[in-house]
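The values are calculated or read from the model by the stated rules, or taken from the named source; none is laboratory data. Note that the coordinates shown come from a computational prediction; the quantities given were computed from them, not determined experimentally. Counting neighbours? That spans all protein chains shown, and the Cβs are built from the backbone with ideal geometry, glycine included. Quick note on the areas: whole protein, heavy atoms, side chains included, nothing else; ligands and nucleic acids left out. Shrake-Rupley method; radii C 1.70, N 1.55, O 1.52, S 1.80 Å.
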Amino acid sequence: MISYIIRRLLYAIPILIGVNIITFILFFVVNSPDHMAISQLGEKHTTAEQIEEWKRERGYHLPLLVNGEEIGVSKLTETIFFQKSIKLFIFDFGSSDSGRNIGYDISNRMWPSLAIAVPNLILGLLVTITFALLIAFFRATYIDYWAVIICVALMSVSALFYIIGGQFVIGKLLQVVPISGYDTGFEAIKFLILPVIIGVIGGIGSSTRWYRTIFLEEINKDYVRTARSKGLSEQLVLFRHVLRNALIPILTGVVVVLPMLFMGSLLVESFFGIPGLGSYTIDAINSQDFAIVRSMVYLGSVLYIIGLILTDISYTLVDPRIRLN
């Protein structure tokens, strides 16, 4: 297993280099160092000297990818890309364009993001898998028919509607919890309840329908017919056999949301005023802070690769027939 993990980590290096290059190119296709300087300094009363000074202080006075004025290796190293990106591989995020320590910001803001994402993920899985199993149990009945219609209707509703509707009904009319804001310690719980509830409800439609499809596919397989022929009840067949054999596609779906588990939901954090990594990223995009954007994209890529490796390992635990080699 160790050799497999090392091999996968080595495979990840060219992927991370590619992600860095693509992020860099896409960012500077839209922006230029001059635009970034004006955005940080303010559009009014900004002189050309101030812009050049801002760029030089932050290393944006260099060429983007190739420095034609240098010779040898310096053609590549004396560039914005090399100076800004190479330290990411040792997780040295450096400073933002506004002068803040990115590593310090990430270590502080990851906790509000996790406080929303972890209960959202766990509760969402429990609710949607339970609903999907119930629908599979009542398959080919009116319950199944209407459940699918409700799922499709829930999928068709925009996430913004859930957020705004939840804030209006639960926060403003019922006044059960605050509409937005955040606090430290146990006081933070009252600010997390509403975004978690809305996150779970917003994911019920699509997730339940997807898990229902997986369970119905498993129900028609030979091992299920064999289990029924042995006299097992339908409940035991569903919960003991179908659910266990459906864990691999479920794990595959979970790994997709692992980066978001850490980075937080961009929309939810912005609407509810949660100072997590999602709102941190949105603020960085709005202020054209390339240092933060590249750090968050890189961090998301690393988490996704780690999630894939953990998923492969979990496959072997769920199904002993699977070998990592």
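Working carefully through the options Ile102, Ile51, Ile80, find the one that is surrounded by 14 or more Cβ atoms within 10 Å (Cβ to Cβ), in contact (Cβ under 8 Å) with a residue 12 or more places away in the chain, closer than 30 Å to Leu258 by Cα and of a type in the set (A, V, I, L, M). So that I can check it myself, show each step before the final result.
Values: Ile51 fails: closer than 30 Å to Leu258 by Cα; Ile80 fails: closer than 30 Å to Leu258 by Cα.
Of Ile102, Ile51, Ile80, the one residue that is surrounded by 14 or more Cβ atoms within 10 Å (Cβ to Cβ), in contact (Cβ under 8 Å) with a residue 12 or more places away in the chain, closer than 30 Å to Leu258 by Cα and of a type in the set (A, V, I, L, M) is Ile102.
Of all residues being in contact (Cβ under 8 Å) with a residue 40 or more places away in the chain and open to solvent by 60 Å² or more (accessible area, probe 1.4 Å) in region 215-239, which is nearest to the chain's Cα centre (by Cα)? Just the residue, please.
At the first step, the residues of region 215-239 found to be in contact (Cβ under 8 Å) with a residue 40 or more places away in the chain are 215-216, 219, 234-235, 238-239.
Then keep just the ones that are open to solvent by 60 Å² or more (accessible area, probe 1.4 Å); that gives 235, 239.
On the way: Gln235: 34, Phe239: 29 Å.
Selected residue: Phe239.
Here is a check on your reading of the model: is Leu121 open to solvent by 40 Å² or more (accessible area, probe 1.4 Å), in a helix (DSSP H, G or I) and in contact (Cβ under 8 Å) with a residue 12 or more places away in the chain? Outline the logic, then answer.
Numbers: open to solvent by 40 Å² or more (accessible area, probe 1.4 Å): yes; in a helix (DSSP H, G or I): yes; in contact (Cβ under 8 Å) with a residue 12 or more places away in the chain: yes.
So Leu121 fits the description; yes.
Taking region 269-291 only, how many residues are open to solvent by 10 Å² or more (accessible area, probe 1.4 Å) and either among the polar types (S, T, N, Q) or assigned to a helix (DSSP H, G or I) (or both)?
Kept after step one, since they are open to solvent by 10 Å² or more (accessible area, probe 1.4 Å), are these residues of region 269-291: 270-271, 273, 275, 279-283, 285-288.
Still in the running and either among the polar types (S, T, N, Q) or assigned to a helix (DSSP H, G or I) (or both): 270-271, 279-283, 285-288.
Adding up the residues that qualify gives 11.
Note down all Cβ pairs under 6 Å where the first residue falls in region 309-324 and is farther than 16 Å from Arg244 by Cα, the second is surrounded by 15 or more Cβ atoms within 10 Å (Cβ to Cβ), and they're at least six residues apart or on different chains.
Ile309/Arg8; Leu324/Tyr4
Against the conditions (1) open to solvent by less than 60 Å² (accessible area, probe 1.4 Å); (2) without any contact (Cβ under 8 Å) to a residue 12 or more places away in the chain, where does Phe27 fall short? Just the number, please.
Going through the list (1) open to solvent by less than 60 Å² (accessible area, probe 1.4 Å); (2) without any contact (Cβ under 8 Å) to a residue 12 or more places away in the chain, Phe27 breaks only (2).
For region 147-194, which residues satisfy the criterion of being at pLDDT below 90, open to solvent by less than 50 Å² (accessible area, probe 1.4 Å) and not aliphatic (A, V, I, L, M)?
Tyr162, Gly165, Gly166, Gln167, Gly171, Pro178, Gly181, Phe191 - these are the residues of region 147-194 that are at pLDDT below 90, open to solvent by less than 50 Å² (accessible area, probe 1.4 Å) and not aliphatic (A, V, I, L, M).
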